[in-house]
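The values are calculated or read from the model by the stated rules, or taken from the named source; none is laboratory data. Quantities reported herein were computed from a predicted structural model and do not represent experimental measurements. With ideal geometry, Cβ positions are generated from the backbone for all residues, glycine too; neighbour counts draw on all protein chains shown.
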Amino acid sequence: MSTVLDVLAAAFLVAGSGLALAAGVGLLRFRDLLARSHAATKPQVLGVLLMLVGLGLWLRSGPVTWVLVLVGLFQMVTAPVAAHLVTRAGYRTGKVAPGSLVVDELTEDLRAAVHREDDERAG
Amino acid sequence: MTVVLLVCGVLLTLAAALVLVRLERGPTMLDRAIALDTFTAILIGAFVLVAVATRRTDVVPTLAVLALVGFVGSVTIARFAAVEPEGEGRILSREEVAELERDRLAMEDAELAASDEEHHGGPAQGEVLG
């Protein structure tokens with residue numbers, strides 16, 4: 001049983017490291033900020049989660065497992081927030097080429113917000 | 001397990017090297033923030049490997065700290081992101097820094113020479129006496 005768990009842990013560790021490498025390659029090769037933030041959030045978070053699962057299976061102790069769960073939760077909470085803030089800041093400071101977007105809801109929202117403000121001021 | 005650790009270590013080192021290249025190239029501050037975030041995640045992976053290799057459980061709280069601290073950095077950078085002119089966001093070479101420094105010193109000297117004596121402890125002029 002313990003051998004099975006050890007082998008599973010090893011598989012999880014290798015898979016996690018591989019995903020970290022995928023994140024690194026994506027970060028280097030993708031062409032603009034939004035594509036890079038995609039590479040930096042999705043494979044990276046899954047990679048860390050897999051490595052944490054691997055460590056949990058390897059150590060097999062109750063309290064440590066809960067701390068690892070906490071670390072995973074932190075990753076899943078903080079990575080989207082950070083990526084959202086960074087890409088939004090990039091968008092608002094003109095680092096995203098408008099032609100590269102398929103769907104662009106933020107521009108419409110910003111325009112709608114400006115119109116609403118104008119209407120309020122007029123009326 | 002040693003083989004597994006070795007493979008994981010090589011993969012993580014490669015990933016870290018690629019991220020470092022992106023960190024150096026930029027081209028904007030936000031690209032660097034993203035790269036730093038990824039680097040922190042790779043660091044977490046490295047700490048996991050340390051915990052696996054030594055079976056130490058006291059490394060585990062460090063993972064929680066790293067997961068939280070990396071996020072604060074990129075949020076702060078995003079908060080103060082500004083419009084950067086083209087070509088501004090790269091790391092300057094040694095010669096370019098020296099040139100900028102020379103220009104700055106020359107400008108300071110020119111300013112000092114242009115300001116006249118009276119603002120620097122000269123005699124009072126046009127004072128109403130009595």
Could we say that A:Lys95 is outside any helix (DSSP H, G or I), surrounded by 15 or more Cβ atoms within 10 Å (Cβ to Cβ), modelled with pLDDT under 90 and among the basic types (Lys, Arg) here?
-> yes
Note down all Cβ pairs under 7 Å where the first residue falls in segment A:52-70 and is of a type in the set (Ser, Thr, Tyr), the second is assigned to a helix (DSSP H, G or I), and they're at least six residues apart or on different chains.
-> A:Thr65/A:Gly56
Pair list, Cβ < 8 Å and 6+ apart or interchain, from segment A:100-120 residues that are under 17 Å from A:Gly90 (Cα atoms) to residues that are among the basic types (Lys, Arg) | A:Leu106/A:Arg88
Residues located in segment B:42-69, provided they are farther than 20 Å from A:Val64 by Cβ and at the interface with another protein chain (Cβ under 9 Å from one of its Cβ atoms) = B:Ile42
Filtering segment A:65-123 for residues that are over 14 Å from the mean Cα position of the chain (by Cα) and of a type in the set (Val, Ile, Thr) leaves a count of 10
Does A:Ala89 count as at the interface with chain B (Cβ under 9 Å from one of its Cβ atoms) and within 21 Å of B:Ala17 (Cα to Cα)?
-> no
Among the residues of segment B:26-41, how many are among the hydrophobic types (A, V, I, L, M, F, W, C), under 25 Å from A:Gly16 (Cα atoms) and surrounded by fewer than 23 Cβ atoms within 10 Å (Cβ to Cβ)?
-> 2
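Matching residues to (1) surrounded by 13 or more Cβ atoms within 10 Å (Cβ to Cβ); (2) among the aliphatic types (A, V, I, L, M):
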{"site": "A:Trp58", "(1), (2)": "yes, no"}
{"site": "A:Gly62", "(1), (2)": "no, no"}
{"site": "A:Phe74", "(1), (2)": "yes, no"}
{"site": "A:Tyr91", "(1), (2)": "yes, no"}
{"site": "A:Leu106", "(1), (2)": "yes, yes"}
{"site": "A:Glu120", "(1), (2)": "no, no"}
